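Worksheet: one structure, shown below.
A short reminder: the numbers here are calculations on the coordinates, not readings from a lab. Quantities reported herein were computed from a predicted structural model and do not represent experimental measurements. Cβ coordinates were reconstructed from backbone atoms using ideal geometry, including for glycine residues, and neighbour counts include every protein chain displayed.
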Amino acid sequence: MKNVFAQDMKHTTFSWDNIGNITEGRGDLGEDMPVLVYRLMQYTMLDELAKVYGIDRANEHFRNAGYLAGSEFAKNTLDLSLDFNSFLAALQKSLHDLKVGVLRMEAFDPDTGEIVLTVGQDLDCSGLPITNETVCYYDEGFISGILEAYTGKKYDVHEVDCWATGDRVCRFNGSVVAD
Ligand SMILES: [Zn+2]
């Protein structure tokens, strides 16, 4: 990718190109960084949004951002023409390679599209203090964005177990939103 002056791009409107050329820009530091930095960004952002909008709206904004991320991630990095099992295997590998977490499918109903997914060693929450609340709203959106990109159907995804509720994995129930 050339280092162009992109006049028609704005950093306030997300597109995949806004991620930029990480390899070139980061030089010796490379593409990786500690989870600490990610969580520092995530939970200070949530703190700020919650102060301004209240916690429910803040979580909703996180879910919406996750949805945009999941949708763009799927369209730009995954092969959406694969059959379901191959797609899931590719997604699993990708999330593992990117150190997002260990994805597993617990249940899937091909008739209704209902799905139960777990994520272990989750980037967002594994190791968090237990506060008896689910915290992975961004992940809810991320997963629904991926499922929609692949199936063409809108998905409602809800986290039912989380490290922060005292569980070892995050568990997400996904169901197709009726038109
Ligand atoms: Zn969680």
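Things worth noting here:
- Sequence-distant residues sharing a close amide H with Asp167 (under 5 Å, placed H): Cys162
- Cα centroid of region 4-61 to Cα centroid of region 114-149, whole Å: 18 Å
- MRE, 222 nm, helices only [DSSP H, n ≥ 4, -39500 (n - 2.57), over the chain, to nearest 500]: -14000 deg cm²/dmol
- Rounded, prolate or oblate (a/c below 1.5 giving rounded, otherwise prolate when a/b exceeds b/c) for region 33-176 by Cα gyration tensor: prolate
- Options Ala90, Leu29, Phe73, ranked by Cα towards positive dipole end of the chain, top entry (Cβ charges): Leu29
- Trypsin sites (Lys or Arg not before Pro) restricted to DSSP loop in region 58-132 with at most 13 other C-beta within 10 Å: Lys99
- Residue with peak Gaussian network fluctuation, the chain [Cα springs, cutoff 10 Å], from Asn18, Asn64, Asn132: Asn18
- Cα-based reach from Lys154 at 25 Å (exclusive), listing lysines while leaving out same-chain residues under 8 positions away: Lys75, Lys93
- Estimated dipole of the chain in Debye, rounded to 20 [Cβ of Lys and Arg +1, of Asp and Glu -1, Cα centre]: 360 debye
- The 3J(HN,Hα) values that the Karplus relation (6.51, -1.76, 1.60; θ = phi - 60°) gives for region 57-65 are, in residue order, 5, 4, 5, 5, 5, 5, 5, 5, 5 Hz. Gly and Pro appear as x.
- In order along region 78-92, the phi-based Karplus estimate (6.51 cos²θ - 1.76 cosθ + 1.60, θ = phi - 60°) of 3J(HN,Hα) comes to 10, 8, 7, 8, 5, 5, 4, 5, 5, 4, 5, 5, 5, 5, 4 Hz; Gly and Pro are listed as x.
- Residues Ser71, Ser86 in ascending order of nearby Cβ atoms (within 10 Å, fewest first): Ser86, Ser71.
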